[in-house]
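The values are calculated or read from the model by the stated rules, or taken from the named source; none is laboratory data. Everything quoted here is computed from the prediction, not taken from an experiment. Every residue, glycine among them, receives a Cβ derived from its backbone with ideal geometry; neighbour counts consider all protein chains shown. Heads up: the accessible areas ignore ligands, DNA and RNA and are worked out on the full protein's heavy atoms, side chains in. Shrake-Rupley method; radii C 1.70, N 1.55, O 1.52, S 1.80 Å.
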Amino acid sequence: MRLLSRPRKPIWAAIGLSFTVTAALADGSGKVADYNLSGVSLAKGRYLGSTAFELRMPSSAYQDPAKEQLSDRNFMAWLPLDFQDGTIEVDVASELATDAPAYARGFIGIAFRIDAAGRFENIYLRPTNSVADDQVRRNHSVQYAAYPDHLFDRLRRETPEKYETYADIATGRWIRMKLVISGTRAILYLDNKPTPSFIVQDLKLGARQRGGVGIWLESGTIAHFRNIKINQSTY
């Protein structure tokens, strides 16, 4: 198991009953230094005409299906918060690297409740699956996983169809992700649509899990993100 970088002291704290973190890149308020990095590089630049972060993993870290079982890992850039329940919103976009392996799907998503032991919940996208001409692949466009014990391969094997679904997404464009998290439930909304795209009723790490929030990727992906908004309510 690869360890996460040691978290810095949180730069945002609770105020009253809730706190809000906004990294609105259009006004330059988000900085690379705000993030802890787990096996990735992070740079600030422009993508599709907007100021955005670019997230990459080294090609040496790509998984080799001839040598290992493909699974979800902990490559991400994350904010050292104490998030438990609330909302997370971010614009994400992904593209395939020029050296992407054949199984690459433009993997990109939101990791949340990242704790000091490196455990976290994750809802992520496989944008190339959404436009595939194979219906089974299309059904695997959105995925839930919990690191390290409930990864996509285990969930797909033990409870087929429950933790993944289809969504109308694609590489090379901005996708608005909004997660509403409460206890053991997470609801995903995409592209500002009023109806949920995906619902998880039983987050595997439990209702008391809490910690950081980040952007996650996997092999062969160049990830971009902007306009992060995190709001936590405490009860």
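Please give the contour-minus-distance gain from Asp134 to Lys31: 0.36 nm per residue of separation, less the Cα-Cα distance, rounded to one decimal in nm.
On the way: separation 103, 0.36 × 103 = 37.08 nm, distance 4.00 nm.
Full extension of this stretch gives 33.1 nm more.
Quick one: which residues, 5 or more positions from Asp72 or on another chain, have an amide H under 5 Å from its amide H? H modelled 1.01 Å from N in the peptide plane, none for Pro or chain starts.
Phe152, Asp153
Mean-square fluctuation check for the chain, GNM, Cα pairs under 10 Å: which of Ser141, Ser182, Ser50 is largest?
Ser50
With θ set to phi - 60°, apply the Karplus curve 6.51 cos²θ - 1.76 cosθ + 1.60 along segment 156-166 and write out the HN-Hα couplings as whole Hz, x wherever there is a Gly or Pro.
Coupling constants for segment 156-166: 5, 6, 7, 9, x, 6, 5, 10, 8, 7, 8 Hz.
Keeping all protein chains in the complex and leaving out DNA, RNA and ligands, what accessible area do you get for Val131 with a 1.4 Å probe, in Å² to the nearest 10?
Surface open to solvent at Val131 totals about 100 Å².
Carbon and sulfur together cover what percent of the accessible area of segment 77-235 at a 1.4 Å probe radius?
48 percent
Classify segment 51-143 as rounded, prolate or oblate, taking a ≥ b ≥ c as the square roots of the eigenvalues of its Cα gyration tensor: rounded when a/c is under 1.5, otherwise prolate if a/b is larger than b/c and oblate if not. Could you put the intermediate results ahead of the total?
Working: a/c = 1.65, a/b = 1.41, b/c = 1.17.
Judged from the Cα gyration tensor, segment 51-143 comes out prolate (a/c at least 1.5, a/b above b/c).
Each residue of segment 80-95 in order: what ³J(HN,Hα) in whole Hz does its phi give by Karplus 6.51 cos²θ - 1.76 cosθ + 1.60, θ = phi - 60°, with x for Gly and Pro?
The phi angles translate into x, 9, 10, 7, 10, 10, x, 10, 10, 10, 6, 8, 10, 8, 9, 9 Hz.
Quick check: residue separation of Asp149 and Glu161 times 0.36 nm, minus the Cα distance between them. What number comes out in nm?
Value of the extension gain: 2.5 nm.
Residues with amide H under 5 Å of Ile108's amide H, sequence separation 5 or more or different chain, H placed in the peptide plane at 1.01 Å from N; which?
Residues meeting the criterion, in which the H sits 1.01 Å from N, are Leu125.
At most 14 other C-beta atoms within 10 Å and a DSSP loop state: those are the exposed GluC sites (Glu not before Pro) I care about. Give me the longest piece of the chain that has none.
Segment 69-160 is the longest.
What list of ³J(HN,Hα) couplings, whole Hz, do you get for segment 47-53 from phi and the Karplus terms 6.51, -1.76, 1.60, once you set θ to phi - 60° and write x for glycine and proline?
8, 6, x, 10, 5, 7, 8
Looking at the chain, identify the longest residue range that excludes and avoids all trypsin sites (Lys or Arg not before Pro) in DSSP loops having at most 15 other Cβ atoms within 10 Å. Walk me through the numbers on the way to the answer.
Working: sites that count: Arg2, Arg8, Lys31, Lys67, Lys162, Arg173, Arg208.
Longest run free of exposed loop sites: 68-161.
Per residue, how much accessible surface does segment 151-216 expose to a 1.4 Å probe? Answer in Å², no decimals.
With the other protein chains kept in place, segment 151-216 gives 48 Å² per residue.
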